[in-house]
Amino acid sequence: MKFGTKAIHAGVHPDPTTGAIMTPIYQTSTYVQRSPGDHKGFEYSRTHNPTRSQLQDALAALDNGKHGLAFATGMAAIDCIVKLLQPGDEVISTNDLYGGSYRLFTKVYQNYGIKFHFVPMHDMTAVEAAVTERTKLIWVETPTNPLLNVIDIAAASAVAKKAGALLVVDNTFSTPYLQTPLELGADMVMYSLTKYMAGHSDTVMGAVIVNDDELHQRLSFYQNACGGTPGPQDCFLVLRGLKTLHVRMQRHCENGRKVAEFLKAHPKVEKVYWPGFEDHPNHAIAAKQMRDFGGMISFVLKGDRQEDAVVCLEKFQLFSLAESLGGVESLSGHPATMTHASIPAEERRKAGLSDSLIRLSVGIEDAEDLIEDLKQAIG
Ligand SMILES: *Cc1c(COP(=O)(O)O)cnc(C)c1O
């Protein structure tokens, strides 16, 4: 089955009692048993819920994976993965990581004796140099946020296999429409479903997709034991969002290209970060592992002054200034004070993240209107 057909049909089936075509919202905490232990596969909704089960199956199918696990937020999904580790274990990750992941790693799990190394992962020799015999997890996010570096997933997988470590890819920016990391050697794919997957800025959720049965069992254990599971209403919203994922992503990519090209040609713009440009340093890897280049773009105005960036952000009419990304509506953000404020200024600068950088999540409005908005805001 091709991607668009799967987005609409995979994992879901009409309700057996009524024929309802849409997955019902099973708003129930418990399930009646005929005799002790004699039930229909559902006992308690933290453990299993039919709306969540269908969403998990749909998610697994989109990534060509075997098992899906849904969580209350993307952070709860990440938290569940890190729980696979023991004190003394080491993790290698990228130095322009999502701010919330960086915070969870350094402010929470470092206190539990897990060691994190942050390296520029688009340079695989830096990853190899950070490997020790205690490396248990390699955490890739690609394209990175907000600098849109592209990390070679197949190469990272080779390093992970040699080190005996598991490879995780945070695929939130790409979605399975653009890239399917399990097929490139990843052991786990992780999502903030809040973004492109749900796509309508109306819910917060996360997921992990895996192929390996044993890994799935271990993650399911923590999913249930720690309890960061989503409610059925949120699962329904994500299921509805997934049905248009391919159509939305196609438009995000088309608009992304138009906006990126407009910005690149603008005399007041110093630098545009977008992996679709042929002169992007990681363009060759992006073209190899991604099916298109997405709608996330960052840019810096000439002069690299934070005051100018703030004026531009205040002037936007369509690019609403807000945290988050991946919804149908365009958003703008200032990583240094918003999404990446939890990363120390020194670390940000080391990673090349300027305090005047503006990040855009290009929505699916008409591109002409988006470009008019950029014109008036940049001036
Ligand atoms: C938003 C985001 C997360 C965290 O997900 P939540 O749903 O906000 O908990 C993790 N990784 C990336 C890349 C994100 O953009």
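Structural remarks
- Listed conditions (1) open to solvent by 10 Å² or more (accessible area, probe 1.4 Å); (2) closer than 20 Å to residue 257 by Cα; (3) not small (Gly, Ala, Ser) are all met by residue 142, apart from (1).
- Any helices (runs of 4 or more DSSP H) falling wholly within the stretch 197-266 and containing at least 2 residues that are under 16 Å from the mean Cα position of the chain (by Cα) and within 16 Å of the ligand (Cβ to nearest atom): 232-242, 245-265
- Residue in the stretch 45-58 that is more than 20 Å from residue 199 (Cα to Cα) and among the basic types (Lys, Arg) present: yes
- Within the stretch 71-101, restricting attention to residues that are assigned to a loop (DSSP other than H, G, I, E, B) and under 19 Å from residue 142 (Cβ atoms), the residue that is nearest to the ligand (Cβ to nearest atom) is 98.
- Identity of the residue in the stretch 102-126, away from the ligand (no atom under 13 Å from the Cβ) and charged (D, E, K, R), that ends up modelled with the lowest pLDDT: 123
- Leading residue by the ranking (farthest from residue 296 (Cα to Cα)) among those in the stretch 342-379 that are open to solvent by 40 Å² or more (accessible area, probe 1.4 Å), part of a helix (DSSP H, G or I) and at pLDDT 90 or above: 376
- Residues of the stretch 236-254 that are over 18 Å from residue 57 (Cβ atoms) and either acidic (Asp, Glu) or crowded, with 22+ Cβ neighbours inside 10 Å (or both): 248, 249, 252, 254.
- The residue list 57, 89 contains one member that is open to solvent by 40 Å² or more (accessible area, probe 1.4 Å), at pLDDT 95 or above and not aliphatic (A, V, I, L, M), which is 57.
- Answer from 166, 178, 239, 245 - the residue that is in contact with a strand residue (DSSP E or B) (Cβ under 7 Å, 6 or more places away or on another chain) and among the aliphatic types (A, V, I, L, M): 166
- Test: residue in the stretch 19-38 that is open to solvent by less than 70 Å² (accessible area, probe 1.4 Å) and closer than 26 Å to residue 179 by Cα: no
- Only residues that are open to solvent by less than 40 Å² (accessible area, probe 1.4 Å) and away from the ligand (no atom under 12 Å from the Cβ) were counted in the stretch 332-341, giving 3.
- A Cβ distance below 8 Å, combined with a sequence gap of six or more or placement on separate chains, defines the contacts here; from the stretch 142-158, residues that are part of a helix (DSSP H, G or I) reach residues that are surrounded by fewer than 20 Cβ atoms within 10 Å (Cβ to Cβ) and not aliphatic (A, V, I, L, M) in the pairs 153/185; 154/185; 156/185; 157/185; 158/185.
- Applying the criterion of being over 30 Å from residue 324 (Cα atoms) and among the hydroxyl-bearing types (Ser, Thr, Tyr) to the residues of the stretch 127-179, the residue that is nearest to the ligand (Cβ to nearest atom) is 135.
- Scanning the stretch 220-235 for residues that are over 26 Å from residue 24 (Cβ atoms), among the hydrophobic types (A, V, I, L, M, F, W, C) and crowded, with 16+ Cβ neighbours inside 10 Å yields no hits at all.
The values are calculated or read from the model by the stated rules, or taken from the named source; none is laboratory data. Computed from a predicted model, the values in this text were never measured in an experiment. Positions of Cβ are backbone-derived with ideal geometry, glycine not excepted, and every protein chain shown enters the neighbour counts. Surface areas here come from the heavy atoms of the whole protein model, side chains and all, with no ligands, DNA or RNA. Shrake-Rupley method; radii C 1.70, N 1.55, O 1.52, S 1.80 Å.
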